[in-house]
Every structure is written in C-alpha cells, then in structure tokens.
Amino acid sequence: MVTGAAGFIGRHLVEHLGNRGQTVIGVDLRPQPAGAAGRHVVADLRTTDIRPLLDGVSSVVHLAALPGVRPSWDRFDDYVESNVIVTRRLLEAGAQTGLRRLVIASSSSVYGNQPDGAMNEDQPPAPISPYAVTKLAAEHLALAYAARPASVLTSVALRFFTVYGPRQRPDMLISRIISAVRDGREIRVFGDGSQRRDFVFVKDAVRAVAAAVDAPGPSRVCNVGTGEQISVTGIIDLISELMGRPANVRVEPHRAGDVVSTRADVTRTAEALGFRASVSLREGLRAHIDAVRSESMPVGA
Ligand code: NAD
Ligand code: UGA
C-alpha cells in the first residue's frame, strides 16, 4: 500500500512498483491521477478506519503528509495532525493487523543546520522548522512501534533530500524556476541564493523506496540523496543555460526554517539498501524541463 499515492513522489512510486509487477493499493485524499493503473482508494487518513485497508497488505510506504517547510510556522496543528497523528493511526492499525514492513518518508530537514560536510544518520538531528519537527516525530514513532516487544514490524525511515523531476510540487524551487524561465516571469530567491541543496531525481528516489521495501534486515534510518550539492543561484544559472533563456531574479528575505546547506552521506544507504543515485543533475533537469514544456503544449500541438 502506498499512502500519498496521488502526490508527486507517490505517482512515480506507484508507476515504478507497477512496472515491477507488484500489486499496489494507492491511498490519498485526492483521486487517482489520470492514466495511473492499479487500485486506488480515496480516503482521509486522519479519520478513515485504516485496518480494512491493510487486509492482505505485506508492506506500506507512507508518503502522505503536509510537505512544505516554510508554511509550517502558520499551520502547526495541521502539520501535527497530518504528519504525526496520521502516522500513529497507521502504526496502530498495522500493529492490530500484523503489518511487517513500513517504509516512511522522512526528510533531510530533520538535520537542521549541521557543521559543513555530508549529513550522516548518526548525527543528532536538530530540526529548525515546525515541519521538520513533525517529520522527526513521525520517524521516531515508526521506530518506536517497531521496537515494541512482540512487534513483527520493521520500519525504514528514508530521509529524502530535496526531490525534483516531472510533476514536482509547484511550490518547490526547481518547478518554480522552470516555469518562470519559460514564461519570462521573476523567480523569487529567499535570501542571497547561497543556500545549497542536495537535489535528488524522483526516479532515483523511488528506486530507493523500492529497495527499502525489499531489503531484509532491521529497522533503520537511511538518507536518500546524491552526495552532491549546488546553490540556489547555481541551479538558476544551470536551468537558464539548459533552457537557453535568461532568468530574472527578485531577492526576498531569507525564510525562517530554511536550512543553509544539505548534502547526504550516502554510505549507509549504499550498504544497507544497495542504493546509489544514478541520474546526474543535468540529465534530471532535462527530463524535468521537457515535462514542463510538454504540459504547456496546447492540445493537438
Ligand atoms: P505531495 O504533497 O505531492 O504528496 C503528498 C500526498 O499526500 C498528497 O497527494 C496528499 O493529498 C496526500 N495526503 C496528505 N494528507 C493526507 C491524508 N490525511 N489522507 C490521505 N492522503 C493525504 O508531497 P511529495 O513531495 O510527494 O512528498 C511525499 C512525502 O515525502 C511527504 O511525506 C514529504 O514530507 C516527504 N518528503 C518530500 C520531499 C520532496 O523533496 N518532495 C523531501 C523530503 C521528504
Ligand atoms: C523540500 C521539500 O519541500 C520538503 O518536503 C523536504 O522535506 C525538503 O525538501 C528536504 O530536503 O527534506 P526545500 O529544500 O525547502 O524542501 O525545497 P525547495 O522548495 O525546492 O527549496 C529549495 C531552496 O530554494 C530553499 O532554500 C528555498 O528557500 C529556496 N526557494 C524556494 C527560493 O529561493 N524561492 C522559491 O520560490 C522556492
């Protein structure tokens, strides 16, 4: 079962698992996206009875959440409910039905501002946004339920670094840059643009999820990133170069909760899950740009 199946990462994951011949039930507040295959249940995980959904389910990938960092200051109750209480409801249902494997979407944001260098899973997390606090709480809950005596559950928390690619959420940087450059609109840069991100292509991210579903072994926390990083200014320049059009930048204040730099240490994930990202930034951006261009193509063109 994939929760958040109609979301950005969820849609790619359902497609990927389907291509591997796995039977998937998608669950989301939103209806099944056009063209998607498999069973899809429209349900609100804050209120629905989750146990019947788990009937015959061997593993759950829990992606459903409120995902944005910056709005989480103003809507903390919603974030707690969607990200923490929902995770607890799912874990309770799983405990009652004997769920064996949970892969839960965590976030690089749980690290907060660490000393320079790659972020590794043994560093103490230090979230600096309400969003990151809720992701860390959900991650810990998943591990706590798995560690209960007599529990048959193992949990793998995947700390995704910033994921991009076709159908990326419209509030995220790269999709905003591509559509602004295409339309000749301004890109708002929060701060001086020197903040750096480890951007991971969505098809790599879903391969990591599939590896976590399959991997034998104990509960653990694993980074999903590339081990490389680029600044906001750097990625604007690169996209502008790839699109062959100028970028117009408007500088706005730094946003609270935004970390200065993210970069994954990929060692543990390579060892535990046999996963390494393989899509280069240029290659991934080309795919993302092509997807945005084809979305904006008039019907019949
Ligand atoms: P998204 O918003 O595109 O997808 C989340 C989906 O969950 C949405 O379709 C939404 O309708 C659904 N959902 C939310 N609350 C629900 C509820 N109560 N019941 C049923 N469905 C519900 O987000 P995304 O970018 O695909 O992110 C997926 C997961 O990965 C999230 O947990 C997010 O925190 C995490 N994550 C994402 C990134 C990234 O860069 N996109 C990075 C780190 C972590
Ligand atoms: C993203 C996801 O939204 C989170 O769900 C996820 O947890 C997080 O990645 C992660 O890595 O764990 P973020 O890194 O803020 O969060 O992703 P973007 O929205 O793509 O922003 C990247 C950077 O660009 C941030 O520094 C942000 O402030 C900046 N930005 C974003 C702008 O300067 N302008 C914009 O219009 C949007």
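Does at least one position in region 222-231 carry a residue that is within 16 Å of ligand 2 (Cβ to nearest atom), acidic (Asp, Glu) and part of a helix (DSSP H, G or I)? No: zero hits. Evaluating ILE178 against the criteria (1) within 13 Å of ligand 2 (Cβ to nearest atom); (2) farther than 21 Å from GLY225 by Cα; (3) open to solvent by 30 Å² or more (accessible area, probe 1.4 Å) leaves one unmet condition, (3).
Within region 1-21, the set of residues being away from ligand 2 (no atom under 16 Å from the Cβ) and open to solvent by 70 Å² or more (accessible area, probe 1.4 Å) comprises GLU15, ASN19, ARG20. May I ask you to list the residues in region 108-136 that are farther than 19 Å from VAL200 by Cα, surrounded by 18 or more Cβ atoms within 10 Å (Cβ to Cβ) and among the aliphatic types (A, V, I, L, M)? Within region 108-136, ILE128, VAL133, LEU136 meet the criteria. Set side by side, the residues ARG101, ARG46 differ, and just one is modelled with pLDDT of 95 or more, farther than 21 Å from ARG169 by Cα, open to solvent by less than 70 Å² (accessible area, probe 1.4 Å) and under 20 Å from the mean Cα position of the chain (by Cα), which is ARG101. Scanning region 199-221 for residues that are part of a loop (DSSP other than H, G, I, E, B) and open to solvent by 20 Å² or more (accessible area, probe 1.4 Å) turns up PRO216, GLY217, PRO218, SER219. Looking only at residues in region 123-164 that are touching a residue at least 24 places away in the same chain (Cβ under 8 Å), in contact with a Gly (Cβ under 6 Å, 6 or more places away or on another chain) and of a type outside the set (A, V, I, L, M), the one that is nearest to ligand 2 (Cβ to nearest atom) is PHE161. For region 137-146, the set of residues classified as in contact with a Leu (Cβ under 9 Å, 6 or more places away or on another chain), open to solvent by 20 Å² or more (accessible area, probe 1.4 Å) and within 16 Å of ligand 1 (Cβ to nearest atom) consists of LEU141 only.
Filtered by the rule that a residue be of a type in the set (A, V, I, L, M, F, W, C), crowded, with 23+ Cβ neighbours inside 10 Å and more than 9 Å from ligand 1 (Cβ to nearest atom), region 147-173 gives VAL156, ALA157. The residues on offer are ARG207, ARG282, ARG196, and the sole one that is under 19 Å from GLN168 (Cβ atoms) and within 17 Å of the chain's Cα centre (by Cα) is ARG207.
The values are calculated or read from the model by the stated rules, or taken from the named source; none is laboratory data. Computed from a predicted model, the values in this text were never measured in an experiment. As a convention, Cβ positions derive from the backbone with ideal geometry for all residues, glycine included, and neighbour counts pool all protein chains shown. To get the accessible areas, we keep the full protein, side chains included, count just its heavy atoms, and leave off ligands, DNA and RNA. Shrake-Rupley method; radii C 1.70, N 1.55, O 1.52, S 1.80 Å.
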